[in-house]
Every structure is written in C-alpha cells, then in structure tokens.
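These notes concern the structure reproduced below.
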Amino acid sequence: MESEYNFTKRQLQVLREISKGKQRKTIASKLKISIYTVDDHIHNLHVKTKTHLWGELIVFAKDYISK
C-alpha cells in the first residue's frame, strides 16, 4: 500500500489496529511493544497525516485502511 504518507511497516500495523477501534494498551499487547512505543508511533502518525486529535486519526485510519 504505497502512498504519499511513507508509513513504516510498524506504523501501518498500528494504523490498522486504530482502524479497528483498538486502544493504545491493546495495540501494545498485540504488537508486543511497549505502550510508550505505541505512543511514539501515534505521534508520528499524527505528524504524517496532519491530524491533531485521536478522533481525527481514527477517521483517517478507517478511510485509509479501507482503500
């Protein structure tokens, strides 16, 4: 899934989980990474997608993953 956003593999995994409505702790557990690492990925996703709020990122994730 190439795009102008240049997401890393891990960012795409996090984005996919966000699109499913998963919370940070659940994402961390599923991907076997710390919640702080999830927070870092979420921060980078906000920067790359130019979103500021969690709800905006959820809407973006659902739209992007469904394509």
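In sequence order, what are the phi-derived ³J(HN,Hα) couplings for segment 27-38 according to the Karplus relation 6.51 cos²θ - 1.76 cosθ + 1.60 with θ = phi - 60°, rounded to whole Hz, with x for glycine and proline?
4, 4, 5, 5, 8, 6, 10, 6, 5, 5, 5, 4
Charges only on Cβ, +1 for Lys and Arg, -1 for Asp and Glu: so what's the dipole of the chain about the Cα centre, in debye to the nearest 20? Mind showing how you got there, number by number?
Details: 13 positive and 7 negative charges, 66 e Å.
The calculated dipole for the chain is roughly 320 debye.
Label segment 9-66 by shape, choosing from rounded, prolate and oblate, from the square roots a ≥ b ≥ c of the eigenvalues of the Cα gyration tensor; if a/c is under 1.5 it is rounded, and otherwise prolate applies when a/b is larger than b/c, oblate when it is not.
Numbers: a/c = 1.72, a/b = 1.35, b/c = 1.27.
Prolate is the answer for segment 9-66, as a/c is 1.5 or above and a/b outweighs b/c.
Per residue of the chain, what 222 nm ellipticity follows from adding -39500 (n - 2.57) for every DSSP H run with n ≥ 4, rounded to the nearest 500?
Values: 4 runs with 47 residues, N = 67.
Computed ellipticity for the chain at 222 nm equals -21500 deg cm²/dmol.
Let me have the relative contact order for the chain, percent, based on Cα pairs under 8 Å that are six or more residues apart.
Taking the mean separation of contacting Cα pairs over the length of the chain, I get 40 percent.
So which lysines can Lys22 reach, going by Cα to Cα under 16 Å and dropping same-chain residues fewer than 8 places off?
Excluding near neighbours in sequence, the set is Lys30, Lys32, Lys62.
As I understand it, the dipole of the chain uses +1 on the Cβ of Lys and Arg and -1 on the Cβ of Asp and Glu, about the Cα centre. Which of Ile42, Leu31, Tyr64 lies farthest toward its positive end?
Leu31
Quick one: helix 54-66 against the long Cα principal axis of the chain, what's the angle to the nearest 10°, folded into 0 to 90?
70
Beta carbons within 10 angstrom, averaged per residue: use that to sort the peptides 53-59, 21-27, highest first. Intermediate results must be reported in sequence, preceding the final value.
On the way: 53-59: 13.0, 21-27: 14.9.
Per-residue Cβ counts within 10 Å, averaged per peptide and sorted highest first, yield 21-27, 53-59.
Tell me, what ³J(HN,Hα) does each residue in segment 9-26 have, in order and in whole Hz, if you take phi through Karplus 6.51 cos²θ - 1.76 cosθ + 1.60 with θ = phi - 60° and put x for Gly and Pro?
So the J values, rounded to whole Hz, are 4, 5, 4, 5, 5, 5, 4, 4, 5, 4, 5, 8, x, 6, 8, 3, 5, 5.
Any read-out appearing in this document is the output of simple, stated calculations on the displayed coordinates, not a laboratory observation. From a predicted model like this one, the values you see are computed outputs, not experimental measurements. Using ideal geometry, Cβ is built from the backbone for each residue, glycine included, and neighbour counts are taken over all protein chains shown.
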